[in-house]
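Report on one structure; see the data block that follows.
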Amino acid sequence: MGRLDAFDVGSQKMTVQTEFFTSPGWRFETKIYHGGALKKVFTESIDGIPEEEIQKRLNEFHQVNLNAIVEKVKGMKK
């Protein structure tokens, strides 16, 4: 279960990958890669979230982090 988005930033690729992990506790991790190198990791614990809500919450978590990265990249271009 997860999400993956990639786009060009200048001459390099930026990848935003969000995954669901069960160990050591239920959590989401969003990893930001730029030019193939890991640049940032966002983590959120989701203990107590009903299973039927996990994909919806993962999509929301991914989108929030993706929007934050896009805004930061836009700010760098100015």
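The residues on offer are 60, 71, 52, and the sole one that is more than 23 Å from residue 6 (Cβ to Cβ), in a helix (DSSP H, G or I) and not hydrophobic (A, V, I, L, M, F, W, C) is 52. Checking the structure you have, find out if any residue of region 13-26 is among the charged types (D, E, K, R) and exposed (fewer than 14 other Cβ atoms within 10 Å of the Cβ). There is at least one residue in region 13-26 that is among the charged types (D, E, K, R) and exposed (fewer than 14 other Cβ atoms within 10 Å of the Cβ).
Which one of the conditions (1) surrounded by fewer than 14 Cβ atoms within 10 Å (Cβ to Cβ); (2) among the charged types (D, E, K, R); (3) within 11 Å of the chain's Cα centre (by Cα) does residue 31 fail to meet, given that it meets all the rest? Answer for residue 31: the failing condition is (1).
Which count do you get for residues in region 1-30 that are in contact (Cβ under 8 Å) with a residue 12 or more places away in the chain and not in a strand (DSSP E or B)? Reasoning before the result, please.
Our first condition is that a residue be in contact (Cβ under 8 Å) with a residue 12 or more places away in the chain; within region 1-30, this holds for 1-5, 9, 12-20, 25-30.
Next cut, not in a strand (DSSP E or B) only: 1, 25-26.
Total satisfying the criteria: 3.
Rule-based calculations on the coordinates, nothing more; no lab input. For clarity, every value in this text was computed on a predicted model and none was experimentally measured. A quick note on method: Cβ atoms are made from the backbone with ideal geometry, for glycine too, and the neighbour counts reach across all protein chains shown.
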